[in-house]
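Asker: Mind looking over this structure? Questions follow.
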Amino acid sequence: MNAAFHTFGCRLNQLETEALADAFRHARFSIVSLEEEALVYVINTCTVTSKSEQKARGIIRRLSRDRGASLIIVTGCYAQMEEDLIDSLGHNVFAVPLREKDLIQDFALYLINRTREEGETLLEDARTWFRDNRRSEESPEARFRFVPDDFTYHTRAYVKIQDGCDNACAYCRVTLARGASVSLERETVLERVTLLEEKGFAEVTLTGVNIDSYQSGNTGLSGLLLYLLENTSAIRFRLSSLDPDTFTPELARAVAHDRVCPYFHLSVQSGSDHVLEEMNRRYGREDVFRAVALLRETRDDPFISADIIAGFPGETEEMFAETLELMEKARFTRAHVFPYSPRPGTPAFDRKDGVTQSLVTERTSRLRKAMARSQSNYARSWVGKTLEVIWEKERDGFLFGLSGNYLNCRKAAGYGAGLGACEKVRAVKYDGRLGIVECEV
């Protein structure tokens with residue numbers, strides 16, 4: 001039997017998909033691409049933007065139409081927020097909200113051993129099984145059941161250390177979907193990282209909805225990172241997104257270690273104090289400058305990226321100019337630029353001072369062009385220097401990988417280390433057309 005998976009959204013969603021795929025593999029399913037025929041298709045959705053939801057609906061409808069005898073399981077934040085709507089997208093579509101997402105792993109084993117009665121559909125079977133196995137109340141422990149033995153879609157490993165968010169940003173409904181912040185005990189985090197190191201993984205990303213809020217007893221994120229570094233020997237660590245105000249001197253001391261990747265992503269959103277206040281963010285533009293300065297003092301020429309929202313309601317041209325100025329002065333390497341997307345249920349949804357779509361599109365384009373130049377300049381600045389690269393795939397006689405400071409790299413296959421290894425190489429050329437740093441051993 002075959003199963004196929006597709007993921008929208010963040011690294012946390014990617015990890016949870018990996019765990020679901022791993023469970024199906026252990027249940028003796030073959031994992032195939034979305035374009036191949038399968039008994040079950042699992043779509044892991046995101047609710048950050050309306051565009052991601054629209055794309056998800058398109059895939060779900062297409063699969064329901066083209067794979068009418070299959071079961072289309074839809075989970076993730078969008079399924080949590082719009083369960084009934086998801087169920088209505090096709091005759092064989094079944095929405096699984098976040099509180100039951102982990103149960104999909106158990107459903108895999110049930111499916112492989114189940115003999116359906118004459119005339120019974122997969123959808124009816126799924127509804128019955130999930131109803132019978134539904135919990136009477138939400139289990140915090142269930143949020144951390146996503147622990148794959150191996151990774152289908154990534155060479156680098158992930159460990160989920162936190163879930164949920166206690167912030168109330170005016171544009172975001174992830175808090176509504178994921179609930180309050182919870183953290184995995186530091187001893188359990190270490191157990192999972194140690195197991196990955198023993199399996200030969202060279203790198204692990206610590207991920208969650210808002211890892212800044214990690215708290216296990218008296219241990220915060222900086223303490224956790226130091227604890228992991230002290231109790232492991234070789235594996236290197238990469239952090240997912242951080243808020244600028246949480247990058248403290250304590251965290252700076254932790255990320256100074258040479259086994260922490262010199263790549264940092266800050267959730268900035270705007271360079272205007274007024275817009276940040278309207279967004280209900282907890283910091284101002286000077287906090288962003290302080291965080292970036294501390295990062296540059298801590299690590300030599302790190303890759304620093306940012307999330308930016310263009311066209312938040314009430315954003316004037318002057319406020320947008322402040323964002324452009326901040327991006328340039330802070331010398332961000334790259335930015336994930338999102339056009340503002342009104343999200344139902346959020347405080348900003350009903351605002352009447354929205355920016356016109358044409359202006360949102362223009363501002364998004366200006367930011368992306370500025371950041372594309374910045375990323376290209378950063379990559380070129382590393383030519384002639386040494387990079388640490390994990391080789392992730394092989395194609396057309398080349399190995400491709402990602403450096404510790406997040407540069408796409410390639411080298412000729414057959415020289416030096418192979419797939420999955422972490423290797424020091426020399427950057428010899430940057431191909432701007434491909435966005436790749438050419439390397440040699």
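Asker: Among (1) farther than 28 Å from residue 169 by Cα; (2) crowded, with 21+ Cβ neighbours inside 10 Å; (3) of a type in the set (Ser, Thr, Tyr), which single condition is residue 214 missing?
Answerer: (1)
Asker: Which residues, counting only those in segment 298-341, are surrounded by fewer than 19 Cβ atoms within 10 Å (Cβ to Cβ) and touching an Asp or Glu at 6+ places or on another chain (Cβ under 6 Å)?
Answerer: 314, 336
Asker: Restricting attention to strands (runs of 3 or more DSSP E) lying wholly within segment 364-441, give those where 2 or more residues are aliphatic (A, V, I, L, M).
Answerer: On the way: elements: 386-395, 398-403, 408-412, 422-431, 436-440.
It comes to 386-395, 398-403, 422-431, 436-440.
Asker: Just wondering, is there one or more residues in segment 90-98 that are crowded, with 16+ Cβ neighbours inside 10 Å, at pLDDT below 90 and either closer than 24 Å to residue 55 by Cα or among the polar types (S, T, N, Q) (or both)? Give the derivation first.
Answerer: Of all residues in segment 90-98, those crowded, with 16+ Cβ neighbours inside 10 Å come to 90, 92-98.
Of the ones still in play, those that are also at pLDDT below 90 are none.
No; the residues of segment 90-98 include none that is crowded, with 16+ Cβ neighbours inside 10 Å, at pLDDT below 90 and either closer than 24 Å to residue 55 by Cα or among the polar types (S, T, N, Q) (or both).
Asker: Further question: Consider segment 1-18. How many of its residues are at pLDDT 95 or above, surrounded by fewer than 24 Cβ atoms within 10 Å (Cβ to Cβ) and more than 14 Å from the chain's Cα centre (by Cα)?
Answerer: Final tally of qualifying residues: 2.
Asker: Still on this structure: Only one of these is of a type outside the set (Val, Ile, Thr) and out of contact with any helix residue (DSSP H, G or I) (no Cβ under 7 Å at 6 or more places or on another chain): 56, 21. Name it. Reasoning before the result, please.
Answerer: Working: 56 fails: out of contact with any helix residue (DSSP H, G or I) (no Cβ under 7 Å at 6 or more places or on another chain).
The match here is 21.
Asker: Now for a different question. Being assigned to a loop (DSSP other than H, G, I, E, B) and buried (at least 20 other Cβ atoms within 10 Å of the Cβ) is the requirement here; does residue 355 meet it? Step through it out loud before you land on a result.
Answerer: Values: assigned to a loop (DSSP other than H, G, I, E, B): yes; buried (at least 20 other Cβ atoms within 10 Å of the Cβ): yes.
Spelling it out, residue 355 is indeed assigned to a loop (DSSP other than H, G, I, E, B) and buried (at least 20 other Cβ atoms within 10 Å of the Cβ).
Asker: In segment 122-159, which residues are among the basic types (Lys, Arg), under 27 Å from residue 10 (Cβ atoms) and out of contact with any helix residue (DSSP H, G or I) (no Cβ under 8 Å at 6 or more places or on another chain)?
Answerer: Keep residues of segment 122-159 that are among the basic types (Lys, Arg), which gives 127, 131, 134-135, 143, 145, 156.
Those left that are additionally under 27 Å from residue 10 (Cβ atoms): 134-135, 143, 145, 156.
Selection gives 156 alone.
Asker: Would you please name the residue that is farthest from the chain's Cα centre (by Cα), looking only at residues in segment 151-195 that are β-branched (Val, Ile, Thr) and within 24 Å of residue 276 (Cβ to Cβ)? Even if it seems obvious, please write down each step before you answer.
Answerer: Going through segment 151-195, the residues β-branched (Val, Ile, Thr) turn out to be 152, 155, 159, 161, 174-175, 182, 188-189, 193-194.
Keeping just the survivors that are within 24 Å of residue 276 (Cβ to Cβ) gives 174-175.
Working: 174: 13, 175: 16 Å.
Residue satisfying both the conditions and the ranking: 175.
Asker: Also, quick follow-up: Which of the following residues is within 30 Å of residue 348 (Cβ to Cβ) and either modelled with pLDDT under 95 or polar (S, T, N, Q) (or both): 218, 231, 210? Step through it out loud before you land on a result.
Answerer: Working: 218 fails: within 30 Å of residue 348 (Cβ to Cβ); 231 fails: within 30 Å of residue 348 (Cβ to Cβ).
Result: 210 is the single residue among 218, 231, 210 that is within 30 Å of residue 348 (Cβ to Cβ) and either modelled with pLDDT under 95 or polar (S, T, N, Q) (or both).
Asker: Quick check on residue 363: is it closer than 27 Å to residue 270 by Cα and in contact with a Phe, Trp or Tyr (Cβ under 9 Å, 6 or more places away or on another chain)? Steps first, please.
Answerer: Numbers: closer than 27 Å to residue 270 by Cα: yes; in contact with a Phe, Trp or Tyr (Cβ under 9 Å, 6 or more places away or on another chain): yes.
Against the criterion (closer than 27 Å to residue 270 by Cα and in contact with a Phe, Trp or Tyr (Cβ under 9 Å, 6 or more places away or on another chain)), residue 363 qualifies.
Asker: Moving on. Within segment 432-441, how many residues turn out to be at negative phi and in contact with a helix residue (DSSP H, G or I) (Cβ under 9 Å, 6 or more places away or on another chain)?
Answerer: From segment 432-441, those at negative phi are 432-434, 436-441; that's our starting set.
In the following step, the residues that additionally are in contact with a helix residue (DSSP H, G or I) (Cβ under 9 Å, 6 or more places away or on another chain) were identified as 432, 436-437.
The total comes to 3.
Asker: Look through segment 373-430, keep the residues that are surrounded by fewer than 21 Cβ atoms within 10 Å (Cβ to Cβ), out of contact with any Asp or Glu (no Cβ under 7 Å at 6 or more places or on another chain) and of a type in the set (A, V, I, L, M), and return whichever of them is nearest to residue 200 (Cα to Cα).
Answerer: Of everything passing the filter in segment 373-430, 421 is nearest to residue 200 (Cα to Cα).
Asker: Here's a follow-up. Is it true that some residue in segment 239-256 is assigned to a helix (DSSP H, G or I), of a type in the set (Asp, Glu) and under 22 Å from the mean Cα position of the chain (by Cα)?
Answerer: Restricting attention to segment 239-256, the residues satisfying the condition of being assigned to a helix (DSSP H, G or I) are 244-246, 249-255.
This time we only want the ones that are of a type in the set (Asp, Glu), so: 245, 250.
Checking the rest, the ones that are also under 22 Å from the mean Cα position of the chain (by Cα) come to 245.
Checked against the condition, which is being assigned to a helix (DSSP H, G or I), of a type in the set (Asp, Glu) and under 22 Å from the mean Cα position of the chain (by Cα), segment 239-256 yields at least one hit.
Asker: Across segment 257-296, what is the number of residues that are within 22 Å of the chain's Cα centre (by Cα) and either of a type in the set (Phe, Trp, Tyr) or outside the structural domain of residue 218 (by TED's automatic domain parsing) (or both)?
Answerer: Selection size over segment 257-296: 2.
Asker: Quickly run through segment 58-77 and pick out the residues that are in contact with a strand residue (DSSP E or B) (Cβ under 9 Å, 6 or more places away or on another chain) and of a type outside the set (Gly, Ala, Ser).
Answerer: Here is the first cut: in segment 58-77, the ones in contact with a strand residue (DSSP E or B) (Cβ under 9 Å, 6 or more places away or on another chain) are 59-61, 63-64, 67, 70-77.
Correct list: 59, 60, 61, 63, 67, 71, 72, 73, 74, 75, 77.
The values are calculated or read from the model by the stated rules, or taken from the named source; none is laboratory data. Just so it is clear, the structure is predicted and the values come from calculations on it, not from any experiment. We place every Cβ from the backbone using ideal geometry, glycine too, and count neighbours over all the protein chains shown.
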